[in-house]
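Read the figures in this text as sums done on the coordinates, not as results from a lab. What you see is a predicted model, and the numbers here were worked out from it, not measured in a lab. Reconstructed Cβ throughout: ideal geometry from the backbone, glycine too, with neighbour counts over all protein chains shown.
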Amino acid sequence: MDAISVIRTKRDGGELTAEQIDWIIAAYTRGEVAHEQMSALAMAVFLNGMSRTETARWTAAMIASGDRMDFSSLPEPTTDKHSTGGVGDKITLPLAPLVAACGAAVPQLSGRGLGHTGGTLDKLESIVGWRAGLTAEEMLDVLRETGCVVCAANERLAPADRSLYALRDVTGTVESIPLIASSIMSKKIAEGTDALVLDVKAGSGAFMKTPEQARELARTMVELGTDHGVRTRALITDMSTPLGRTAGHALEVRESVEVLAGGGPEDVVELTLALAREMLDAAGLASADPAKALADGSAMDHWRRMITAQGGDPDAPLPASRERHTVTAQEAGVLTELDAYAVGVCAWRLGAGRSRKEDPVQAGAGVELHAKPGDSVTAGAPLLTLHSDTPEAFAYAAQALEGAVTVGEAGDFTKQPVVLERIA
Ligand code: URA
């Protein structure tokens with residue numbers, strides 16, 4: 001077997017054999033296939049797709065590239081959530097402690113930013129002292145102590161995905177149904193959770209731009225999970241506009257703490273509760289009431305304990321950017337559109353994202369929204385505040401917003417539900 005023949009098969013639109021898939025994933029993990037060869041294969045998959053059979057085998061090969069975790073020693077059922085990635089998607093932050101407060105154990109392995117979307121680990125790292133890298137034993141200790149843990153997948157969990165994920169981020173090969181499905185599900189199946197809820201985003205700020213693509217991705221992942229004995233279901237949710245009022249690491253932590261304190265933006269609260277109910281139901285805890293756990297402070301208690309157990313100081317001030325730039329409304333009316341992708345690219349250019357996989361991110365960088373679709377705006381009023389440590393980034397970042405904001409009449413706006421569809 002050699003990498004070039006595998007690349008050629010997929011480049012020419014052929015179906016990869018099980019042996020080809022097993023070999024290339026294992027050889028890439030051992031470092032015997034070069035990154036440039038894997039990049040070429042990822043691009044060939046991106047362009048020519050993979051069948052259900054190939055995707056299932058690719059996922060199994062990625063699981064087999066490392067270890068599987070085991071939480072069966074915990075008394076509580078384990079339940080987890082994974083989002084396909086969006087702009088302003090900070091839901092994991094309030095959700096994990098909320099579901100733990102309702103009696104489940106939440107082992108949440110999260111990732112870093114990918115393309116124009118922010119990563120949960122990058123967000124939490126804006127909390128002084130907080131550590132994403134835990135050993136399997138530390139992860140279990142935090143789970144036992146606090147009921148929830150959010151951390152990086154350790155190096156032995158689906159290591160093939162670890163390398164491929166970083167490679168896809170910088171080679172324009174993220175938005176592919178088989179690559180996203182196998183990436184997410186290999187980690188989640190290897191993680192060993194009993195139940196899994198997928199938040200599959202649809203819209204400009206998502207990797208899947210249409211509900212049809214999101215539905216196909218959701219079905220592919222639900223099938224992969226179910227075949228591996230994980231109770232899996234999916235919600236397709238709107239990502240045409242950013243979630244909440246912030247996109248950027250520290251800005252999103254601040255907003256998540258507001259939700260845990262019983263406030264926060266309506267859409268973030270609505271989606272957090274919808275996902276919590278699904279996670280609890282999938283874990284056999286349907287009678288628990290997440291709205292009560294948010295209101296009575298028990299979710300906040302779990303958050304504080306989880307942050308502390310991972311070395312963070314929940315009371316430390318969050319980092320703020322050194323410079324700000326305000327974008328104002330050109331005309332008065334109702335904000336009918338605020339494009340999620342444009343805001344994601346803007347935040348990325350302000351320093352919240354990476355151009356190369358080894359780049360650092362700016363904790364304080366990002367975009368703050370002063371109005372959401374449906375809100376009235378007056379001409380000259382602040383619409384967005386851009387945050388960055390590098391003021392020279394403002395002009396380029398603001399360019400991303402050209403055409404992203406539409407102000408019209410009240411009648412031009414129809415409110416979209418946050419949850420578009422459920423797939424089980
Ligand atoms: N999240 C992942 O873990 N992988 C992807 O490919 C996309 C989102």
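Note on the stretch 323-412: with charges restricted to the Cβ of Lys and Arg (+1) and Asp and Glu (-1), its dipole about the Cα centre is near 340 debye.
Taking amide H as placed 1.01 Å from N in the peptide plane, the amide H of S110 sits under 5 Å from that of C151, A152, A153, each at least 5 places away or on another chain. The alpha-carbon atoms of the chain, seen along their principal axes, cover 64, 49, 39 angstrom, with the largest extent given first. Could you give me the ³J(HN,Hα) list for the stretch 346-354, computed from phi with Karplus coefficients 6.51, -1.76, 1.60 and θ = phi - 60°, whole Hz, x at Gly and Pro? In residue order, the calculated couplings are 4, 4, 4, 5, 6, x, 7, x, 10 Hz.
Averaging the sequence gap over all C-alpha pairs within less than 8 Å and six or more residues apart, then dividing by the number of residues, gives the chain a relative contact order of 20 percent. Which whole-angstrom value gives the distance between the alpha carbon centres of the stretch 237-305 and the stretch 121-189? Measuring centre to centre over Cα atoms gives 20 Å. Computed from phi, the 3J(HN,Hα) profile of the stretch 282-292 under the Karplus parametrisation 6.51, -1.76, 1.60 (θ = phi - 60°) reads 5, 8, x, 10, 4, 7, 5, 10, x, 4, 5 Hz, with x in place of Gly and Pro. Pair-distance distribution P(r) for the stretch 3-49, from all Cα-Cα distances in 10 Å bins starting at 0: 30, 60, 9 percent.
The spread of Cα positions in the stretch 23-175, taken along each principal axis and listed from longest to shortest, comes to 45, 33, 30 Å. Close amide H pairs (under 5 Å, H built 1.01 Å from N) link A381 with A329, residues at least 5 positions away or on another chain.
Under 5 Å between amide hydrogens, built in the peptide plane, is the criterion, and for M208 it picks out G203 among residues at least 5 positions away or on other chains.
Considering only Cα-Cα distances, which of the following residue pairs are longer than 29 Å: K90/K415; K10/K81; K292/K415; K188/K415; K81/K372; K90/K292?
Over 29 Å Cα-Cα: K10/K81; K188/K415.
Under the convention that each Lys and Arg Cβ holds +1 and each Asp and Glu Cβ holds -1, the size of the dipole of the stretch 128-261 around its Cα centre is about 200 debye.
For K415 and T17, a Förster radius of 56 Å and the Cβ-Cβ distance give a FRET efficiency of 0.70, rounded to the nearest 0.05.
Using θ = phi - 60° in the Karplus curve 6.51 cos²θ - 1.76 cosθ + 1.60, the 3J(HN,Hα) couplings for the stretch 410-424 round to 3, x, 7, 10, 10, 6, 8, x, 6, 8, 8, 6, 10, 10, 10 Hz; x is entered for Gly and Pro. Where Lys and Arg each count +1 and Asp and Glu each count -1, what net charge lies around T226 among other residues with Cβ under 11 Å from its Cβ? Net local charge, T226 excluded: +1.
What is the antiparallel percent of DSSP beta bridges lying wholly in the chain, to the nearest 5? Kindly include the intermediate steps, with their values, before the conclusion.
On the way: 23 of 43 bridges.
Roughly 55 percent of the DSSP beta bridges within the chain come out antiparallel.
When the chain is treated as a GNM with alpha-carbon contacts under 10 Å, the residue of H302, H116, H325 showing the greatest mean-square fluctuation is H325. A DSSP coil position with no more than 15 other Cβ atoms inside 10 Å describes the following GluC sites (Glu not before Pro) in the stretch 281-373: E331, E358.
Dipole of the chain, Cα-centred, from +1 at each Lys and Arg C-beta and -1 at each Asp and Glu C-beta, to the nearest 20 debye?
In debye, rounded to 20, the chain gives about 400.
Restricting the calculation to Cα atoms, the stretch 323-412 yields a radius of gyration followed by a Dmax of 13.7, 47 Å.
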